[in-house]
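Just below is one structure, and these are the notes that go with it.
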Amino acid sequence: MSGFVVGPNPQFDKLDDPLSTDTPMLSSEPQIEDFYEIQKTVDVARRRIDQDIEEMEGAIRALRSRRNSLAAISRLPPELLSKIFVCYAATYGPPHLTMDWVKVSHVSRHWRTVAIGCPYLWTTLVFARPRWVEEMLKRSKMAPLVIDARFGYMGPKSTEAVQLAMNHVSRVRELNIVSPSTSFGKLFSSVPRAAPMLQSLALSASTNHYAEPFRDNYSIPPELFSDDSSQLRRLELIDCNLDWTSHLLKGLTHLKIHDTAPGTRPSTPLFLDVLEQLPTLTVLDLKDALPQVADGSSMASYQRNVKLHSLANFHLSGSDSDCSNALSHLSVSSSATLKLSCRSTVVSDADFSSILTFVSGLWEPTAITSSAAKPHKCIRSLKIQGVSSTGWSLKAWPNTVLPLSGDLDPPFIDLSFQWSSTVAPGIGDKVIGETCAALPLEQLTSLDVSKASQMTEQTWLRTFGKLAHLRSICAQGQAVHTLLSAVVAEPSPATGTSVSAKSSTRKRSHKRRKMPPPVYFPSLLHLTIEDTSFDSGCDEEYAELEDLKDCLMERYERKAEVRELTLSQCHRLTSEHVDELREIVVDVVWDGLETGFTDVSEDDYGDHFGYMDSDIDDHTYDGFDSDEDYYYPF
């Protein structure tokens, strides 16, 4: 790096020259009797020197800028550099909570000039730093704004910052606020009624349910953006009440309403009127916001049907009667992703047959299809999960997914049913069978069943036993016991029903047969058992190791062997047991965990649940106020 050489400076020479007439000479003997005059002369000299230093520093900065201009990145046009800054800022998230990206304005004078001159870099206002909101509003100029104030609590400074931003609602593109219902009144008290650029509006009065167990919903004022909201396409409301005649429900492509007060829900005709006026609606997500139908009543006499041709995501959640009523008047594309969560309100029985009629209709030849619709989706992966004894869920995927756990793509069919604990115990098995019967499972290849102790052997066989493409089954907990009995049951050629073997496969006869009898699950190759106890001392609801060995051996003898066995998180299973299984199955995958054998003494609790002094650093963390202003180089 080349040095900077400072040459002679006549101004400095005058200061150093005691014979100079321009600058008075200072000596120990006072030449001027007034001390203040002397001090004034010194101050003038200092200011001259400071000016010279400032000029030199400016010259150095200019030279550095000239040197930076020779860098390759400095050749980029400011327009392209601005786009890079915007993309860089987008990598920091959430964008409404952090300003770490602002460091791009501190690299060089050129970068700072470009950053400050780029309005789109400052459009997502950071209300976590309320002191900077006003400056961001200035730097964003007239670019469309994003107001994202998702806080559980907004203090005075944050509230003032949001109110300041709301004065610019005429150029707000996205408005997303999460706040207690009591705060919405302040925020919208003086908001202009015209929002000509608003495309997305999301309001939620749901913050902390524990802190506000008796919170009230926020009622959307009828005049909110009543002068102009013509560009609004996305509307999401949670714990908010909306009049369904509102102008906000026009022209939408995305509608989400959760948890509205019962008295504010629309009638069935009004509900259908609104949906009929949304021909481009792609997302409909309603939770406890459907037209209410009294228990035992019916809207069957109302024959109107609305076809939602463009719908891609259809989510409904509510009571069985409300969901049944809504579904009876709607038709959606067979390619739509469906999510239904229904709870029975009848204490003595649970009937979801009308809801399942809608589900099965998605695969009927008369089902509507959009102009760009894909062919009817096949179900190749299915996951069934019990929820205690009062409900269960079913999820389906159009592709083969192994394993059916962890981070998966969202299922295209997601059904959840719940009922009262007073309903007869056998209702769970009945609902599972009816739901699976409503789905096209002919192409199913992968099945995962967990916590489904209500499924009987007959339901296993009737629903899945004859599927020609089912190659992989994963079972957990109590479902394993029933599955092991089902996979070795013998179909009766004459009646098509199963000839049940004895309750324990260990007691089966292994006499040689001339022709192997037919089997259920004919294509089963991969069996996975998870979270199961192989304890012969437990009751028969748990699997026994001998049951598993006999099951695998019988499948082998009947020319339908399981080629891969996976054991995960199983209790009372040892390496010796696994070696015995490897003598039957070609490939056994085991996680190596041997649990359920050693009792934990009281002395061991300290290691698992206590805290050792040497393992914990005694730090004290200072609390902070959410409204505190933090300094960021801006």
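Just so it is clear, none of the values below were taken in a lab; they were calculated from the coordinates. All figures in this text were calculated on a predicted structure; none of them were measured in a lab. Every residue, glycine among them, receives a Cβ derived from its backbone with ideal geometry; neighbour counts consider all protein chains shown.
For region 280-293, 3J(HN,Hα) computed residue by residue from phi via the Karplus equation (6.51, -1.76, 1.60; θ = phi - 60°) reads 9, 5, 10, 10, 10, 10, 10, 10, 6, 9, 7, x, 7, 10 Hz, glycine and proline entered as x.
For a protection proxy built on the mean count of beta-carbon atoms within 10 angstrom, sort 51-61, 161-171 highest first, please.
Those peptides, ordered most packed to least, come out 161-171, 51-61.
Ordering MET142, MET99 by the number of other Cβ atoms within 10 Å of each residue's own Cβ, fewest first, gives MET142, MET99. Summary of packing: across the peptides 333-344, 586-597, the per-residue average of other C-beta atoms within 10 Å ranks them, highest first, as 333-344, 586-597.
Could you order peptides 474-485, 221-232, 310-321, 128-139 by the average number of other Cβ atoms within 10 Å of their residues, highest first?
In decreasing order of mean packing, 474-485, 221-232, 310-321, 128-139 become 474-485, 310-321, 128-139, 221-232.
Counting charges near VAL114 (Lys, Arg +1; Asp, Glu -1) among other residues having Cβ under 11 Å from its Cβ returns a value of +2. Here the calculated FRET efficiency for ARG75 and ASN167, from their Cβ-Cβ distance with R0 = 41 Å, stands at 0.50, rounded to the nearest 0.05. Computing FRET efficiency as 1/(1 + (r/R0)^6) for ILE49 and ARG109, where r is the C-beta to C-beta distance and R0 is 22 Å, gives about 0.30.
Here the scattering of region 125-188 is modelled by Debye summation over its C-alpha atoms, one equal scatterer each and no solvent; at q = 0.15, 0.21 Å⁻¹ the log10 of I(q)/I(0) is -0.40, -0.79. Pairs exceeding a 31 Å alpha-carbon distance, out of LYS383/LYS559; LYS83/LYS395; LYS83/LYS377; LYS256/LYS377; LYS287/LYS451; LYS250/LYS430: LYS83/LYS395; LYS83/LYS377; LYS250/LYS430.
Once the C-beta distance of LEU97 and ALA261 is scaled by a Förster radius of 35 Å, the resulting FRET efficiency is 0.65 to the nearest 0.05.
Work out, step by step, the length gained on full extension between GLU594 and LYS466: first 0.36 nm times the residue separation, then minus their alpha carbon distance; give nm to one decimal. Residue separation times 0.36 nm, minus the Cα-Cα distance, leaves 42.5 nm.
Basic side chains Lys and Arg get +1 at the Cβ, acidic Asp and Glu get -1 at the Cβ, and with that the dipole of region 253-339 about its Cα centre reaches some 220 debye.
Dipole magnitude for region 416-485: computed about the Cα centre from +1 point charges on Lys and Arg Cβ and -1 point charges on Asp and Glu Cβ, it is near 60 debye.
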